[in-house]
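Only one structure is covered here, and it is reproduced in the block below.
The values are calculated or read from the model by the stated rules, or taken from the named source; none is laboratory data. Just so it is clear, the model here is predicted, and its values are computed rather than measured. Note: ideal-geometry Cβ built from the backbone for every residue, glycine included; neighbour counts use all protein chains shown.
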Amino acid sequence: MSKKEKKKAGLGTWLYRLVMLALLCVMIFSGYKVFTIYMEYHKGTVAYDKLAQIAGVGESVDKEEKDLKINWDALTKISKNVKGWIRSKGTVINYPIMQGSDNDYYLHHIMTGEYSRKGSIFIDSNIKNPFNSFLTIVYGHRMLDDSMFNSLGKYFEDEKYYKKHKIIDIYTPEKNYKLEIFGAANVKATNESIYNLNIAEGDVATKEAYINNILSKNELAGYKGTVDVTPDDKIVMLSTCTYDPGDDRIVVWGKLVEKTGDNK
């Protein structure tokens with residue numbers, strides 16, 4: 001092998017090693033990022049498990065129990081911003097419902113004030129009278145570990161899931177409710193006709209128009225057993241993201257029905 005050929009071979013070996021080193025660095029960095037995200041998810045899960053224990057609705061409580069007894073005194077000592085508790089039997093949805101002064105804080109903070117990728121389940125900050133207004137919007141992340149509002153996307157999968165989870169429980173310090181799911185759709189976060197908080201309580205015509213609008217987008221329309229909804233009803237819209245880039249959102253609508261009995 002000539003001197004020139006040896007030099008060329010040496011350069012090729014050097015470039016090969018450099019590329020392999022770069023790939024190794026990328027793999028190490030990617031692994032570190034995945035591990036970091038996993039640990040943050042785990043930390044959030046542990047924090048929510050602890051909150052459930054404080055609320056008296058932890059693992060020791062039968063998740064199929066008819067109604068939960070929430071320890072509101074304990075929760076309000078942690079944060080005055082807690083407005084309720086949401087549970088969907090047979091799913092991981094078992095979380096406090098928060099409401100802040102804006103719609104940013106609880107995207108990445110939990111009830112204790114700790115930073116978390118999971119954020120909180122929270123009510124739109126513009127709603128003055130949650131669960132007593134015609135429309136209450138509740139947000140939550142759709143986490144990759146199936147937590148928070150991830151399971152909302154399953155309403156689109158088949159009718160069996162809807163039948164099994166067509167009632168979601170919502171508890172507040174004042175009253176207990178059942179949320180009777182009647183619709184779901186993929187919408188844009190910028191769609192003001194869906195995210196409409198400017199409907200006056202006495203404006204029956206606008207309420208009817210809103211109901212007709214969301215029913216026209218309802219992807220559960222063919223399911224049997226969906227409930228009817230009227231302008232006299234209270235609607236709760238659960239909103240979460242999709243995994244597609246952009247401003248697409250999954251929304252699930254339910255009619256709020258007050259339960260009888262003590263909620264303490």
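Numerical summary
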item: Residue ID - surrounded by the most Cβ atoms within 10 Å (Cβ to Cβ), chosen from residues in the stretch 200-213 that are at pLDDT 95 or above and among the hydrophobic types (A, V, I, L, M, F, W, C); result: Ile211
item: Residues of the stretch 188-199 classified as among the β-branched types (Val, Ile, Thr) and either touching a Pro at 6+ places or on another chain (Cβ under 7 Å) or surrounded by fewer than 19 Cβ atoms within 10 Å (Cβ to Cβ) (or both), total; result: 2
item: Those residues of the stretch 240-256 which are among the charged types (D, E, K, R) and surrounded by fewer than 13 Cβ atoms within 10 Å (Cβ to Cβ), in sequence order; result: Asp244, Asp247
item: Some residue of the stretch 124-136 being without any contact (Cβ under 8 Å) to a residue 60 or more places away in the chain, among the aliphatic types (A, V, I, L, M) and either over 24 Å from Tyr223 (Cβ atoms) or part of a helix (DSSP H, G or I) (or both); result: no
item: Members of the stretch 139-152 found to be farther than 14 Å from Gly44 by Cα and more than 8 Å from the chain's Cα centre (by Cα), listed by number; result: Ser151
item: Whichever residue in the stretch 137-164 is assigned to a helix (DSSP H, G or I) and small (Gly, Ala, Ser) and, among such residues, is farthest from Phe122 (Cα to Cα); result: Gly153
item: Unmet requirement for Lys154, which otherwise passes all of (1) in contact with a Phe, Trp or Tyr (Cβ under 9 Å, 6 or more places away or on another chain); (2) basic (Lys, Arg); (3) in contact (Cβ under 8 Å) with a residue 24 or more places away in the chain; result: (3)
item: Failed criterion for Met237 (all others in (1) crowded, with 16+ Cβ neighbours inside 10 Å; (2) part of a loop (DSSP other than H, G, I, E, B) hold); result: (2)
item: Residue count, the stretch 148-190 (criterion: polar (S, T, N, Q) and modelled with pLDDT under 95); result: 4
item: Residues located in the stretch 128-168, provided they are touching a Lys or Arg at 6+ places or on another chain (Cβ under 8 Å) and under 14 Å from Arg249 (Cα atoms); result: His141, Met143, Phe149, Asn150, Leu152, Gly153
item: Cβ pairs under 7 Å, 6+ apart, first in the stretch 216-236 and at pLDDT 90 or above, second surrounded by fewer than 15 Cβ atoms within 10 Å (Cβ to Cβ) and outside any loop (DSSP other than H, G, I, E, B); result: Pro231/Val204; Pro231/Glu208
